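Structure record follows, encoded as structure tokens.
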Amino acid sequence: MITTTQERPTISIEGISKTFAEGNAEPVTVFDDIWLRINKGEFVCLIGHSGCGKTTMLNILAGLDLPSSGSVIVDGSEVTGTSLDRAVVFQSHALLPWMTVGTNIAFAVESRWPHWSQQQVREHGQKYIDMVQLKGHENKRPSELSGGMKQRVGIARAFSIEPEVLLMDEPFSALDALTRGSLQDELVTICRKQQQTTFMITHDIDEAILLADKIVLMTAGPNARVCEIVENTLPADRTRSDMHRHKNYSPMRNHLLEFLVNRSDSSKELIADGKHDSRHPPLIRPVWAEGQKTIYDQQETDNEK
Amino acid sequence: MTNTIRLKAFLLTLLLVTLFSIVWQFYVSGTAEDHGMDAEYAALMGSASKGGSNLPGPLDVASTVLSHLASPLHYPGTDQPGLLVQIGYSIGRVLIGFGLAALVAIPIGFAIGMSPLWNRALNPIIQILKPISPLAWLPLALYTIKDAEMSSIFVIFICSVWPMMINTSFGVMSVRREWMNVARTLEVKPLRLAFRVILPAAAPTIMTGMRISIGIAWLVIVAAEMLVGGTGIGYFVWNEWNNLEITNIITAILLVGVVGMLLDTALAMAARVVAYSD
């Protein structure tokens, strides 16, 4: 594939599909012909209904699973297994319960830099424990922490190995709304500061609008595809407390909601008609216009810009 | 609240033991007249001749227990090895056999748990060897090893090995996928994965297997020593049976129970150290 831009994307998903064949049952293709590019420093959210293979796709990006066809290219080389360059924040935090918070982080840091002294490992880990505001909880076991604190440790562990790409699988879905909100605030601060390339799966539209530069919308599975890519039209310094006042907030939100509620199924017909180019799904920029409730400044360009 | 329950439970235990001892004493003490029995025969029969039982009563046992406590290293009144020495032999054999079994069972269990191939290959062998009574191995052991001491240790080894092996493989197999995924994304090397992730994750299950094993080993050692002879608490019981020293047999039975409980408690405490809650 010829890259037309000067900057090569950090992640390039090239025509991947995943088929599950169990026993004598008819094999099921959860998603098919997925093309997606994530540039360095970009925060991309993936929204889609359950069963369109979001977690499978994230596992493929992480190298925990392999696609049935197609390939994933990260920094110019194909993903064939897991890598310390791609950190994962798991939905269920996945902390090791027999280790303390400090040891959980140190375990990751030691994996990344095996030759570091204990002192170096501890200082480096402490930086990330402080970052997620868990100072003073280093010696606690995960079972002594609340759900939100556990997920913070999961986030600190992922950041502590300073990965090229951060992969997050609905990291806040198991948390209550208040905790989720404060963690989103923290994540937005950290990601913007670190210019972290991030790919995140979510169900939450507001979460996607707050965090993402680009929002990838998938049709319902099986045979899910990338239906369109929505560019976030809100200012880059948006915060959870003020973003809903921006004039573009409502068009953004309505577009995403409309897609999830009404179009994720019907859009499959569009794909069946052959009018949809899987390689270059339409890039949508929902913006507000005078006198109109919502207006879609739809550009029929590709997402390669 | 828990303290009062604990106190009540303790008092209730005491009450039950006392009641049992009273019934026991009542059962063995004869009150009836001897039915014109020959005096010499009546003396031989003891209290049985008076309509009671020839089983010693709790007071007889208590005095025997005290005599053994007073002279733990030597059989009271002789220079033969005492109860403490005999039980020491038994504990030693169990610990050696159990320790060797752990050294063999845990690594093999690990391999079985990690590899579906090894699991499939070894499973039929384990399933056949597991239900064999450990004592059935004894003649074979005596014949091939030609050493009584080693043979009884072998019997302990063979009965301890299966529960530990099966539990280790089960514990390793059921390490959560998410923990393995974490290790994979961190590119953890195999040896580090085994010792820092799989072993701690499987440790509680392995400890359960060890507790089952030591329980079985302690059951088996008494029987093995009865057959092998020489030393040990099992030999002691059999020897006292030949001497018809029933109070000594009851004393030994009580001691076997107490030591068995202590062994289990020790492993339960070790299990608490490696336990984790999610």
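A compact table of results
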| item | result |
| --- | --- |
| Test for B:T251: is it in contact with a strand residue (DSSP E or B) (Cβ under 8 Å, 6 or more places away or on another chain) and β-branched (V, I, T) | no |
| Pick from segment B:64-100, criterion in contact (Cβ under 8 Å) with a residue 12 or more places away in the chain and of a type in the set (G, A, S), ranking: farthest from B:G171 (Cα to Cα) | B:G82 |
| Residue count for segment A:139-153, restricted to those that are surrounded by 24 or more Cβ atoms within 10 Å (Cβ to Cβ) and either closer than 19 Å to A:R122 by Cβ or among the acidic types (D, E) (or both) | 2 |
| Which numbered condition A:D65 misses (of (1) under 30 Å from A:R279 (Cβ atoms); (2) touching a strand residue (DSSP E or B) at 6+ places or on another chain (Cβ under 8 Å); (3) surrounded by 17 or more Cβ atoms within 10 Å (Cβ to Cβ); (4) within 14 Å of another protein chain (Cβ to nearest Cβ)) | (3) |
| A:H137 being part of a loop (DSSP other than H, G, I, E, B), within 14 Å of chain B (Cβ to nearest Cβ) and more than 20 Å from A:Q196 (Cα to Cα) | no |
| Any hit, segment B:127-137, residues being in contact with a Gly (Cβ under 9 Å, 6 or more places away or on another chain) and either charged (D, E, K, R) or at pLDDT below 95 (or both) | no |
| Residues that are of a type in the set (D, E, K, R) and within 18 Å of A:R238 (Cβ to Cβ), drawn from segment A:166-188 | A:R180, A:D185, A:E186 |
| Selection from segment A:38-51 of residues that are of a type outside the set (G, A, S), in contact with a Lys or Arg (Cβ under 9 Å, 6 or more places away or on another chain) and under 19 Å from A:S278 (Cβ atoms) | A:I38, A:V44, A:L46, A:I47 |
| Extreme residue, nearest to A:A177 (Cα to Cα), among residues of segment A:240-251 that are out of contact with any Asp or Glu (no Cβ under 7 Å at 6 or more places or on another chain) and assigned to a loop (DSSP other than H, G, I, E, B) | A:S241 |
| Helices (runs of 4 or more DSSP H) contained entirely in segment B:31-122, each with at least 2 residues that are at pLDDT 90 or above and out of contact with any helix residue (DSSP H, G or I) (no Cβ under 8 Å at 6 or more places or on another chain) | B:58-70, B:83-114 |
| Residue in segment A:213-225 that is surrounded by 18 or more Cβ atoms within 10 Å (Cβ to Cβ), at pLDDT below 90, of a type in the set (K, R) and not in a helix (DSSP H, G or I) present | yes |
| Which numbered condition B:T231 fails, given (1) in contact with an Asp or Glu (Cβ under 8 Å, 6 or more places away or on another chain); (2) in a helix (DSSP H, G or I) | (2) |
| Verdict on A:T233 being part of a strand (DSSP E or B) and either in contact with a His (Cβ under 6 Å, 6 or more places away or on another chain) or not aliphatic (A, V, I, L, M) (or both) | no |
| Number of positions in segment B:158-202 that are outside any loop (DSSP other than H, G, I, E, B), at the interface with chain A (Cβ under 8 Å from one of its Cβ atoms) and either in contact (Cβ under 8 Å) with a residue 24 or more places away in the chain or surrounded by 21 or more Cβ atoms within 10 Å (Cβ to Cβ) (or both) | 5 |
| Selection within segment B:123-139 - hydrophobic (A, V, I, L, M, F, W, C) and not in a helix (DSSP H, G or I) | B:I132 |
| Selection count where residues are buried (at least 17 other Cβ atoms within 10 Å of the Cβ) and either under 23 Å from the mean Cα position of the chain (by Cα) or among the hydrophobic types (A, V, I, L, M, F, W, C) (or both), scope segment B:112-141 | 8 |
| Hey, B:L103 closer than 22 Å to B:I233 by Cα, surrounded by fewer than 19 Cβ atoms within 10 Å (Cβ to Cβ) and either among the basic types (K, R) or free of Cβ contacts under 8 Å to residues at least 60 places away in the same chain (or both) or not | no |
| Qualifying position, being under 30 Å from B:P131 (Cβ atoms), surrounded by fewer than 20 Cβ atoms within 10 Å (Cβ to Cβ), away from every other protein chain (no Cβ under 14 Å) and modelled with pLDDT under 95, among B:G230, B:G257 | B:G230 |
| Every residue from segment A:59-75 that is out of contact with any Gly (no Cβ under 7 Å at 6 or more places or on another chain) and part of a loop (DSSP other than H, G, I, E, B) | A:L64, A:D65, A:L66, A:P67, A:S68, A:D75 |
| First in segment A:250-277 and under 20 Å from A:P222 (Cβ atoms), second anywhere and modelled with pLDDT of 80 or more and buried (at least 16 other Cβ atoms within 10 Å of the Cβ), Cβ under 6 Å, 6 or more apart | A:F259/A:L217; A:S264/A:T219; A:S264/A:A220; A:D265/A:A220; A:S267/A:T219; A:S267/A:C227; A:K268/A:T219; A:I271/A:R225 |
| Residues that are assigned to a loop (DSSP other than H, G, I, E, B) and within 14 Å of chain B (Cβ to nearest Cβ), drawn from segment A:104-127 | A:W113, A:P114, A:H115 |
| Residues of segment B:257-278 satisfying the condition of being touching a residue at least 60 places away in the same chain (Cβ under 8 Å) and either assigned to a helix (DSSP H, G or I) or at positive phi (or both) | B:V259, B:L263, B:L267, B:A270, B:A271, B:V274 |
| Of all residues in segment A:76-103 being in a strand (DSSP E or B) and more than 8 Å from every other protein chain (Cβ to nearest Cβ), the one that is modelled with the highest pLDDT | A:V89 |
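The values are calculated or read from the model by the stated rules, or taken from the named source; none is laboratory data. For clarity, every value in this text was computed on a predicted model and none was experimentally measured. A quick note on method: Cβ atoms are made from the backbone with ideal geometry, for glycine too, and the neighbour counts reach across all protein chains shown.
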